[in-house]
Amino acid sequence: MINFSQVSKFFAGKAVVRDLNLHIAKGEFTVLIGTSGSGKSTTLKMINRLVEHDRGQITFADEPIEKLRAQDLRRRMGYAIQSIGLFPHWTVEQNIATVPQLLKWPKTKIRDRVTELMELLSLNPEQFRHRYPHQLSGGQQQRVGVARALAADPEVLLMDEPFGALDPVTRATLQKEIARIHQLSGRTIVLVTHDIDEALGLADRIVLLSDGQIVQQGTPLELLTQPATPFVRDFFGRSELGIKLLSLASVGERTRRGETAEGEPVLASISLREALSIFVARHTERLPVIDDNQRLIGVLHFADLVAEREAL
Ligand SMILES: Nc1ncnc2c1ncn2[C@@H]1O[C@H](COP(=O)(O)OP(=O)(O)OP(=O)(O)O)[C@@H](O)[C@H]1O
Ligand SMILES: [Mg+2]
């Protein structure tokens, strides 16, 4: 869906993104992660042409992006950032409706869509629809930002640290919301973060950037268990705390009930730490789970190991 081929970007003669090759498949949840200044935001902004690339080629749905009008491109891609200027003199409803308004949707369709999105993001429509941004908490404002990005059902959702500066509880709620939206809609999502556990929990594929280049890309499991360089190992090693905490919880607590998967089942009573070793040994992302009576009760997903570690 989105393809980078040998893409570079220079600021003041210095390459901040160098020879980037990146393929983002339709429906995939890609997380760009890396240290501060590594080029994550620049990479994201090149996708919707908020920043124009200097070398190489970026295509969207097989078309070079410079052939598309920036304005059209941005309507096809929702964009949410941490410090998003919600328009201060517009109500929540008007803010969320920005793109549908531009697209001249009928009034009733806009109103229904706003209601739907507010419910999706757990913002009571009656209570919040007519409020102004300054009458909302930070977390509520960020949810409005995400709702706005989703409003016109864009093909791609670009998010730059959309949950930054939130308390861990609100953050976890919004992460779950995004994971649910992704599962429901199958939309292509590119998210920038420097929160390792957020990346491990949400991503289908993680792209680790350092100094404007890709150090490694792969599934969360691959990056955790097969780091390509000591830098990658150190980077993800900081998630060790989460792995230690996994010893405290059992597989049964994280099992998705009623699902089925291939392979030799594991017992619901073993610890998540033990389950992690089995994931690694078998190079799998799903394990069928049985209870003490050998009855199949569901499936443990690798992503669920790391997704909610703060709940442990
Ligand atoms: N408009 C600009 N003009 C000059 N330099 C810029 C500009 N935008 C970004 N840079 C530089 O490019 C590099 C990459 O910036 P970028 O914002 O992409 O990093 P990042 O990975 O998103 O970092 P952070 O985690 O701090 O948000 C940095 O060194 C930054 O100073
Ligand atoms: Mg950034």
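Just so you know, all these numbers are worked out from the coordinates, no wet-lab data involved. Predicted model only: the values in this text are computed from it and were never measured. No Cβ is skipped: glycine too gets one built from the backbone with ideal geometry, and neighbour counts run over all protein chains shown.
Some points to look at:
- Neighbour-limited loop hits for trypsin sites (Lys or Arg not before Pro), region 27-89 (at most 13 other Cβ within 10 Å; DSSP other than H, G, I, E, B): Arg69
- Under 13 Å, Cβ to Cβ, from Arg55 - net charge with Lys/Arg +1 and Asp/Glu -1: -2
- In nm, spacing of pseudo-spin labels at Gln57 and Gln71 (7 Å Cα→C-beta vector): 2.7 nm
- The DSSP beta bridges internal to the chain are antiparallel in roughly 55% of cases.
- Expected 222 nm ellipticity per residue - DSSP helices of 4 or more, -39500 (n - 2.57), all of the chain, to 500: -10500 deg cm²/dmol
- Gyration tensor (alpha-carbon) shape descriptor, the chain, a/c threshold 1.5: oblate
- Thr108/Val280 FRET efficiency (R0 51 Å; Cβ-Cβ; nearest 0.05): 0.45
- Working from label points 7 Å from Cα in the Cα-to-Cβ sense, the Gln127 to Ser8 distance is 5.3 nm.
- Stretching Glu259 away from Arg273 to a fully extended chain increases their span by 2.9 nm, per 0.36 nm per residue minus the current alpha-carbon distance.
- Vicinal HN-Hα couplings computed from phi for region 226-235 (Karplus, 6.51 cos²θ - 1.76 cosθ + 1.60; Hz; Gly/Pro x): 10, x, 6, 9, x, 4, 5, 4, 4, 4
- Once the Cα-Cα distance is subtracted from the 0.36 nm per residue extended length, the Gln294 to Asp167 segment shows a gain of 41.7 nm.
- Here's the picture: charge each Lys and Arg Cβ at +1 and each Asp and Glu Cβ at -1 in region 158-283, and of Phe236, Ile181, Ala261 the one pushed furthest to the positive end of that dipole is Ala261.
- Lysine pair number, Cα distance threshold 26 Å (strictly under), the chain, separation 8 or more or different chains: 17
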